[in-house]
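Report on the following structure.
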Amino acid sequence: MTINERYEAAREAYKAVGVNTDEALEALKRIPISMHCWQGDDVIGFDGAGGLSGGIQTTGNYPGRARNPQELMNDMGKALSLIPGKHRINLHASYAIFEEGEWADRDQLEPKHFAKWVEFAKERGIGIDFNPTLFSHPKAENATLSSEDEEIRSFWIRHVQACIRISEYFAGEQGTPCTMNIWIPDGFKDVPADRTSPRARLKDSLDQILSMDYDKTKVYVAVESKVFGIGMESCTVGSHEFYMNYASKNDILCLLDSGHYHPTEVVSDKISSMLLFFDKVALHVTRPVRWDSDHVVLFDDETKEIAKEIIRGGADRILLALDFFDASINRLSAWIVGMRNMQKALLNALLLPNETLARLQEEREFTEQMMLQEELKLYPVGDVWNYFCEINGVPAKEDWFEEVRSYEKEVLLNRK
């Protein structure tokens with residue numbers, strides 16, 4: 001059977017349980033995912049940091065890491081060409097691109113340092129999201145926005161304010177709002193004597209940052225918590241409770257990263273609660289293995305559950321991005337697998353008879369609800385996915401991997 005024939009059979013199967021597959025595919029096409037640039041070069045960036053610090057690290061030394069802006073853009077462009085639909089790119093401030101002989105420290109970054117990224121995005125008709133880079137810098141060795149050193153704290157306040165201006169520039173050039181997410185590595189390796197003062201300084205820093213005049217319709221400022229990091233195992237200043245309360249009080253976004261919570265917590269259970277109190281919620285979907293290890297997103301149970309909550313809560317209210325960095329495998333393949341898996345999970349959620357399942361729960365018909373949920377797991381979502389790939393002009397099934405293999409042979413392995 002051809003892909004079209006298999007799709008026709010799948011359409012009839014889903015129609016029998018009240019699901020319109022054509023509508024599901026149209027809905028999926030309208031959901032952009034922000035693809036993170038840092039997977040392509042192991043979070044090194046272009047501003048001279050040269051290596052990671054701040055409680056995060058990459059492992060592996062697979063050949064072909066992007067070494068400069070053009071190589072990274074080429075790799076991202078190739079990956080995007082093998083992912084169905086129109087998406088976004090997510091940049092860190094450390095990926096500023098300087099002219100020869102030019103350099104600016106992070107508190108002096110300007111829109112001009114990201115003009116080539118705007119060109120890259122415009123060529124593909126995609127939007128840009130942004131992140132201040134408060135790690136891998138001499139002034140981030142101890143603390144950033146919570147630092148007891150006022151000179152260092154002021155430096156990072158200026159950096160984030162500069163990033164808001166750059167985010168406004170992206171939004172103005174692209175005609176779409178830019179999500180700008182703040183994450184800091186501040187914390188303590190051992191049990192602190194004073195948790196309040198660092199958090200009070202972080203609150204004051206954020207207050208100063210947000211006191212600047214900026215267009216809130218163009219820039220969605222978000223704050224991202226973390227449960228712990230390397231070297232800050234006992235206390236993270238920017239905890240979930242801190243940021244959730246700060247975001248609520250100051251009308252900004254609270255970003256949920258699926259690797260930034262205790263292993264017994266799941267982000268899928270948090271989304272519905274957050275949407276009751278916030279107009280929008282930002283997500284970083286990753287795959288933690290026992291801790292915040294940022295593995296490539298798989299088509300696994302938690303990714304499926306996150307996708308269900310996105311669809312049931314309203315995909316237009318979720319600002320969706322991925323966040324992982326694996327240097328042990330082909331970096332393009334990592335992007336493509338992760339992005340396509342997130343889309344597969346969204347499609348799986350769109351192909352569920354969600355109203356029927358909700359009604360069964362409301363009527364407390366849990367036996368029938370369980371039966372239907374389990375039977376639907378073997379419905380032909382793969383046939384619908386392959387058709388989605390075909391109508392969007394990208395290879396279906398595993399056929400895309402041949403292009404990655406050729407790119408690796410012709411391009412990546414020639415990078416010494």
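The values are calculated or read from the model by the stated rules, or taken from the named source; none is laboratory data. Bear in mind the structure is a predicted one, so any value in this text is a computation, not a measurement. Positions of Cβ are backbone-derived with ideal geometry, glycine not excepted, and every protein chain shown enters the neighbour counts.
Points worth noting:
- All positions within the range 14-41 that are buried (at least 20 other Cβ atoms within 10 Å of the Cβ), within 20 Å of R124 (Cα to Cα) and either free of Cβ contacts under 8 Å to residues at least 60 places away in the same chain or of a type in the set (D, E, K, R) (or both): C37
- Of the residues screened, L372 is not one that is surrounded by fewer than 22 Cβ atoms within 10 Å (Cβ to Cβ), over 24 Å from the mean Cα position of the chain (by Cα), in a loop (DSSP other than H, G, I, E, B) and not charged (D, E, K, R).
- Output for the range 163-217, where each listed residue is part of a loop (DSSP other than H, G, I, E, B), surrounded by fewer than 19 Cβ atoms within 10 Å (Cβ to Cβ), in contact with a strand residue (DSSP E or B) (Cβ under 8 Å, 6 or more places away or on another chain) and not β-branched (V, I, T): K189, P192, R195
- Residue within the range 155-168 that is of a type in the set (S, T, N, Q) and closer than 24 Å to Y220 by Cα present: yes
- When A49 is tested against the conditions (1) in a loop (DSSP other than H, G, I, E, B); (2) at pLDDT 95 or above; (3) under 25 Å from I128 (Cα atoms); (4) of a type in the set (A, V, I, L, M), the lone failure is (2).
- Counted residues, the range 86-103 - those being outside any helix (DSSP H, G or I) and touching a residue at least 12 places away in the same chain (Cβ under 8 Å): 11
- Count of the range 91-118 residues which are over 15 Å from Q70 (Cβ atoms) and basic (K, R): 2
- If you go through the range 59-85 and keep only what is part of a helix (DSSP H, G or I), more than 10 Å from G40 (Cβ to Cβ) and of a type in the set (A, V, I, L, M, F, W, C), you end up with just L80.
- The set of residues in the range 16-30 that are in a helix (DSSP H, G or I) and farther than 12 Å from P380 by Cα comprises D22, E23, A24, L25, E26, A27, L28, K29.
- Residue in the range 352-360 that is surrounded by fewer than 21 Cβ atoms within 10 Å (Cβ to Cβ), at pLDDT below 95 and not charged (D, E, K, R) present: no
- Condition met for S147 (surrounded by 22 or more Cβ atoms within 10 Å (Cβ to Cβ) and either closer than 22 Å to N330 by Cβ or more than 23 Å from the chain's Cα centre (by Cα) (or both)): yes
- Residue within the range 78-92 that is closer than 30 Å to A140 by Cβ, among the charged types (D, E, K, R) and at pLDDT below 95 present: no
- Filter pass, D251 being at positive phi and of a type in the set (D, E): yes
- Members of the range 62-96 found to be in contact with an Asp or Glu (Cβ under 9 Å, 6 or more places away or on another chain) and closer than 30 Å to G187 by Cα, listed by number: I89, N90, L91, A93, S94, Y95, A96
- One residue alone among I152, I166, I128 is of a type in the set (A, V, I, L, M), closer than 14 Å to D215 by Cα and touching a helix residue (DSSP H, G or I) at 6+ places or on another chain (Cβ under 8 Å), and that residue is I166.
- Number of the condition not met by R6 [criteria: (1) among the charged types (D, E, K, R); (2) part of a helix (DSSP H, G or I); (3) at pLDDT below 95]: (3)
- Taken together, A162, A115, A200, A193 contain a single residue that is of a type in the set (A, V, I, L, M) and in contact (Cβ under 8 Å) with a residue 24 or more places away in the chain, which is A162.
- Candidate set from the range 322-344 (those that are over 13 Å from the mean Cα position of the chain (by Cα) and small (G, A, S)); member that is nearest to V285 (Cα to Cα): A334
- Meets criteria (over 30 Å from E403 (Cβ atoms) and at pLDDT below 95) for E99: yes
- With respect to (1) part of a helix (DSSP H, G or I); (2) of a type in the set (G, A, S); (3) surrounded by fewer than 19 Cβ atoms within 10 Å (Cβ to Cβ), the lone exception for G393 is condition (1).
Conditions (1) acidic (D, E); (2) free of Cβ contacts under 8 Å to residues at least 40 places away in the same chain, marked per residue:
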| site | (1), (2) |
| --- | --- |
| E309 | yes, no |
| L320 | no, no |
| P353 | no, no |
| E362 | yes, yes |
| L376 | no, no |
| W385 | no, no |
